[in-house]
Amino acid sequence: MNEEQAETGPVEAWLAEVARKSRQPLAMVQRILTQHRVRPAMAPPRPHRLLVTSVVFEGVRPAADSTLGPDAGDPFRFSWDLGPGLWCLASLGKNEAGKSSVLEIVLWCLRGRSGLQRDVRHWLRLVQVGFEVDGEPLLVDMTVRAGSPHGHVVSTQSGTVLVDFEGLADFEEGMDAFMMERLGLEPLRTAQAAPGGPDEPPITGELSWPSYASALHISRSGLGTLLGNDTRHGLPTRLLELFLGAPWASTKVDASVALKIVKAQLSAARNRAAGDAEARKAQLKELSGRLEKARGKLAALPEAGSAAEDVQQLYTALAASTEAAVTAQDALVAARSVHNALEAQRFDLAAAVHSAEEAALARAFFHTLMPTVCPRCDTAVDKSRWEKEKEGHCSLCASDLHEAPSSEDGEAESDAQANDLRQTLADVQHTVDAAAADLANAQQRAADAESARIVASSRLQEVLHSPGLRERREIELMVAHLEGAVAERSGRFADLDAAVDLVPLEQAASVLAAAEKLAMDRRTQVLKKVLQDVEQDIVAMGRALGLEMLREVKLAGNASLTVWKGGQKHNYGGVTEGEQLRLKIVTTIALLRHGYRSGVGRHPGLLFIDSPGAEEVDAGDLQNMLRDLVTLTEMVPDLQVIVATARGAEVREIVPVDNMRLAAEGQRLW
């Protein structure tokens, strides 16, 4: 959506105005509202109608002093068929006739939450309440065991079971969800301040059907509140908006709840940011102090001067001597390798010379031998065997004898080979002697280089650990460390003081505040004219109900009522209970009338009034009240009002006989 499109409708115009007021881009406004579940709702959903069609219940009422158990006593049964219009449960002066119990049984079935007296609930065995939502016939059908309901809600048209329940909590939960969905109601979001203070997120919750249902019932127990029976969570204001179908009301509530949550988050974030900034400032101050002290201590030391230069020269000398030692060691390894290889060669040649000389001597010796016996078995070698040798065969084993070189030629050849080997050995021995000399020199150079390195290292350590120089270096390191720490906290960490993490929350707070204000303005603007008409009706009907001194009322958008009577200004809580009852009834009737007249009221059109004549209302005023209720139900055909009163004799001429259940004098209704 762009700025041009934002001018095409009321919702878009509201979004554009929120953007201008909060000074945030339209896209961000839409994103924030969606994130916090704030929906622009200028038109309320269509109203739904609720009508009670029948009441049936039965059970056992124990005797007052009975000890025979819950099933002993007088059985009872009550049955009543109803429709639109004014209906009345009445007795002739008897207060304990069961009128309020009938109302509470019907209310129990409609809202799921019981307001019955505990003993009455335990008397019940069966309860069936028929009702319609927008004309669809429904039935709550349940058995009651030890005060606990078990049953279901069924569509009598289709036979479909819509809700099953077992027990009190299950029944309340099931009716809550069912009625909210069928009557098109939305949960009322609430937010209360957390006990831990503004930094903690508010306690959020939702009010649902039982809270809405308080708008259906007027009784003495709720006289302290003009609308409903509870002032918490702004419930009277919500009910006023329900009666009149106030546009933008849910938007205002959603924005208000979201704004409370964001404000708490923002407050906590700001406090955390302030705490962090203070901690960083304190830390920076402490580091800066330590840095100044270290710098002062360093400045007080004698100048390093030549000592520092000596250290540098010693580092250079140590590096050079270390390099020379490494080079000498490498040369020593190479010289040792060459020497060892030549020595191995010399050893092999010496062995070869010795073998050649031994072989020549052995051959000369064995060729001159004349064996006389076999060296294996001592058999004598006779002449015949000697004759064999002349024929070229061995005198011992008769194998062929090769012709032996002449003695002189063999000896000459052997001598030549031996001489060659001796000459080679002499040459190698000369090379080995040279390599040994090189090795000795390399060993000496390596030893000298290592000694020089050790001396250089010792000298450097001696200088480094001299007291003056060591202290200076330690302080210089300390100063460098502290300078880095101070720079870090003065530079990069300083960005944290800008509270950049607060920006999204501040943007959300500005958008939600603008949304709440502008939704409230639209809602109030619409209600202002309607409330003026409602105030006139309250005065007119109030005078008709006996508030003769009533001159003027002011009904505010938060459902507070200011009253001018007898020449004095009063608030609703400051008048008598009798006046409160009459003002509460006429205010409710006036709101219903205007809601129906405008066609936007979302009250479901069912109202229970318990004991309207109980608080200092004379017969004429009570009859006027009933006549006004009849007129109201005639004006609104779908409206149903059920009244319970002990003054049956005074109202039976007002209420149609078919619409009235009147207990005989001194008797109970059931």
> Taking the stretch 77-98, which residues are in contact with a strand residue (DSSP E or B) (Cβ under 9 Å, 6 or more places away or on another chain) and outside any strand (DSSP E or B)?
Replying inline: Leu82, Gly83, Pro84, Ser91, Gly93, Ala97, Gly98
> Which condition number in (1) surrounded by 16 or more Cβ atoms within 10 Å (Cβ to Cβ); (2) assigned to a strand (DSSP E or B) is the one that Arg522 fails?
Replying inline: (2)
> In the stretch 224-252, how many residues are in a loop (DSSP other than H, G, I, E, B) and either modelled with pLDDT of 85 or more or in contact with a Pro (Cβ under 7 Å, 6 or more places away or on another chain) (or both)?
Replying inline: 8
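Among Val153, Val106, Val133, Val140, which is surrounded by 16 or more Cβ atoms within 10 Å (Cβ to Cβ), of a type outside the set (Lys, Arg) and under 21 Å from Arg61 (Cβ atoms)? Step through it out loud before you land on a result.
Values: Val153 fails: under 21 Å from Arg61 (Cβ atoms); Val133 fails: under 21 Å from Arg61 (Cβ atoms); Val140 fails: under 21 Å from Arg61 (Cβ atoms).
When all the criteria are applied, what remains is Val106.
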> Regarding Gly205, is this residue open to solvent by 20 Å² or more (accessible area, probe 1.4 Å), modelled with pLDDT under 80 and closer than 30 Å to Asp501 by Cβ?
Replying inline: yes
>> Based on this model, can you work out whether Thr190 counts as open to solvent by less than 30 Å² (accessible area, probe 1.4 Å), assigned to a strand (DSSP E or B) and at pLDDT below 80?
In response: yes
>> Contact list please: Cβ distance under 7 Å, first residue in the stretch 114-142 and in contact (Cβ under 8 Å) with a residue 12 or more places away in the chain and under 28 Å from Pro84 (Cβ atoms), second residue part of a helix (DSSP H, G or I) and charged (D, E, K, R), pairs at least six apart or on different chains.
In response: Ser114/Arg121; Leu116/Glu104; Val133/Arg182
> Limited to the stretch 211-237, what total is found for residues that are over 30 Å from the mean Cα position of the chain (by Cα), in contact (Cβ under 8 Å) with a residue 40 or more places away in the chain and closer than 13 Å to Pro187 by Cα?
Replying inline: 1
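If you go through the stretch 341-348 one residue at a time, do you hit one that is assigned to a helix (DSSP H, G or I), modelled with pLDDT under 75 and farther than 30 Å from Glu474 by Cα? Talk me through it step by step, then tell me what you get.
Keep residues of the stretch 341-348 that are assigned to a helix (DSSP H, G or I), which gives 341-348.
The next check asks that each one be modelled with pLDDT under 75; those that pass are none.
Within the stretch 341-348, not a single residue is assigned to a helix (DSSP H, G or I), modelled with pLDDT under 75 and farther than 30 Å from Glu474 by Cα.
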> Here is a list of conditions, (1) more than 25 Å from Arg543 (Cα to Cα); (2) modelled with pLDDT of 90 or more; (3) more than 58 Å from the chain's Cα centre (by Cα); (4) among the aliphatic types (A, V, I, L, M), and Ala664 meets all of them except one; can you say which number that is?
Replying inline: (2)
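Rundown of residues vs (1) at pLDDT below 90; (2) open to solvent by 10 Å² or more (accessible area, probe 1.4 Å); (3) of a type in the set (S, T, N, Q), yes/no style:
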position	(1), (2), (3)
Arg597	yes, yes, no
Leu622	yes, no, no
Thr633	yes, yes, yes
Asp638	yes, yes, no
Trp670	no, yes, no
>> If I filter the stretch 640-654 down to residues being more than 25 Å from Phe131 (Cα to Cα) and small (Gly, Ala, Ser), which single residue comes out as surrounded by the most Cβ atoms within 10 Å (Cβ to Cβ)?
In response: Gly648
>> Suppose we filter the stretch 266-290 for residues that are open to solvent by 60 Å² or more (accessible area, probe 1.4 Å) and farther than 30 Å from Gly197 by Cα; how many remain?
In response: 3
> Checking Lys293 against (1) in contact (Cβ under 8 Å) with a residue 60 or more places away in the chain; (2) loosely packed, with under 15 Cβ neighbours inside 10 Å, which test does it fail?
Replying inline: (1)
> Is it the case that Thr379 is of a type in the set (S, T, N, Q) and surrounded by 12 or more Cβ atoms within 10 Å (Cβ to Cβ)?
Replying inline: no
>> Checking the structure you have, find out if any residue of the stretch 250-265 is open to solvent by less than 10 Å² (accessible area, probe 1.4 Å), of a type outside the set (A, V, I, L, M, F, W, C), more than 34 Å from the chain's Cα centre (by Cα) and closer than 28 Å to Val11 by Cα.
In response: no
>> List the residue pairs whose Cβ atoms are under 8 Å apart, where the first residue sits in the stretch 448-459 and is part of a helix (DSSP H, G or I), the second is open to solvent by 80 Å² or more (accessible area, probe 1.4 Å), and the two are 6 or more positions apart or on different chains.
In response: Ala449/Thr327; Ala449/Gln329; Glu450/Gln329
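The values are calculated or read from the model by the stated rules, or taken from the named source; none is laboratory data. If you're wondering where the values come from, they're calculated on a predicted model, not measured in any experiment. Reconstructed Cβ throughout: ideal geometry from the backbone, glycine too, with neighbour counts over all protein chains shown. Surface accessibility is based on the protein's heavy atoms, side chains included, excluding ligands, DNA and RNA. Shrake-Rupley method; radii C 1.70, N 1.55, O 1.52, S 1.80 Å.
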